[in-house]
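Here is the structure we will look at.
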Amino acid sequence: MMDFLGGIYPWIKALHIMAVLAWMAGLFYLPRLFVYHAERASVGSELDQTFQIMEEKLLRVIMNPAMIVAWIAGLIMIGLGAFDWGAAWSWIKLVSVILMTGAHGWMAARRKEFAAGTNTRSGRTYRLFNEVPTVLMLFIVVAVIVRPF
């Protein structure tokens, strides 16, 4: 069984990278949609409805499945030994991915507020939050590729 799993490791890794790319694209784009939604659309307007559709589809059709696949593929790779429990880089990545998942959840909650017409946050808030996935991505990539710790 381990021979089979070891043989598919490169495929699992490729799937993980593709899922992460799709997830990150959504994590970068959704806060940008929120900026324009907060600054340009009044509740109930046609533009408000358009943003709601875009945000909901991005989250439901791209981001959620990509996050799930990234997590599953990552957990499979951990199960196959790709995680060094004694190295700091592994823990930095794990904590950063958990925080990234939290950012995803925060965005999902904000989408629900827009859908309910109860958003109280400014475009500036969403501009600042847009940097969170970027910083976490930097931690993850440096931790995994450079492994300075």
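The values are calculated or read from the model by the stated rules, or taken from the named source; none is laboratory data. All of these numbers come straight from a predicted model, not from anything done at the bench. Methodologically, a virtual Cβ is constructed for each residue, glycine included, from the backbone with ideal geometry; neighbour enumeration extends over all protein chains shown.
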*Does L59 satisfy being part of a helix (DSSP H, G or I), at pLDDT 95 or above and within 13 Å of the chain's Cα centre (by Cα)?*
yes
*Got at least one residue in segment 68-80 being touching a residue at least 24 places away in the same chain (Cβ under 8 Å), surrounded by 12 or more Cβ atoms within 10 Å (Cβ to Cβ), in contact with a helix residue (DSSP H, G or I) (Cβ under 6 Å, 6 or more places away or on another chain) and under 18 Å from G102 (Cβ atoms)?*
yes
*Does F149 satisfy the condition of being over 19 Å from the mean Cα position of the chain (by Cα) and aromatic (F, W, Y)?*
yes
_Selection status of I140, out of contact with any Gly (no Cβ under 8 Å at 6 or more places or on another chain), part of a helix (DSSP H, G or I) and either touching a residue at least 24 places away in the same chain (Cβ under 8 Å) or under 19 Å from A14 (Cα atoms) (or both)_ = yes
_Residue, surrounded by the fewest Cβ atoms within 10 Å (Cβ to Cβ), within segment 81-112, restricted to residues that are in contact with a helix residue (DSSP H, G or I) (Cβ under 7 Å, 6 or more places away or on another chain) and assigned to a loop (DSSP other than H, G, I, E, B)_ = D84
*Scan segment 116-124 and give yes if some residue there is surrounded by 15 or more Cβ atoms within 10 Å (Cβ to Cβ) and either assigned to a helix (DSSP H, G or I) or on the phi > 0 side of the Ramachandran plot (or both), otherwise no.*
yes
*Could you tell me whether segment 33-55 includes any residue that is under 15 Å from the mean Cα position of the chain (by Cα), surrounded by 20 or more Cβ atoms within 10 Å (Cβ to Cβ) and touching a residue at least 40 places away in the same chain (Cβ under 8 Å)?*
yes
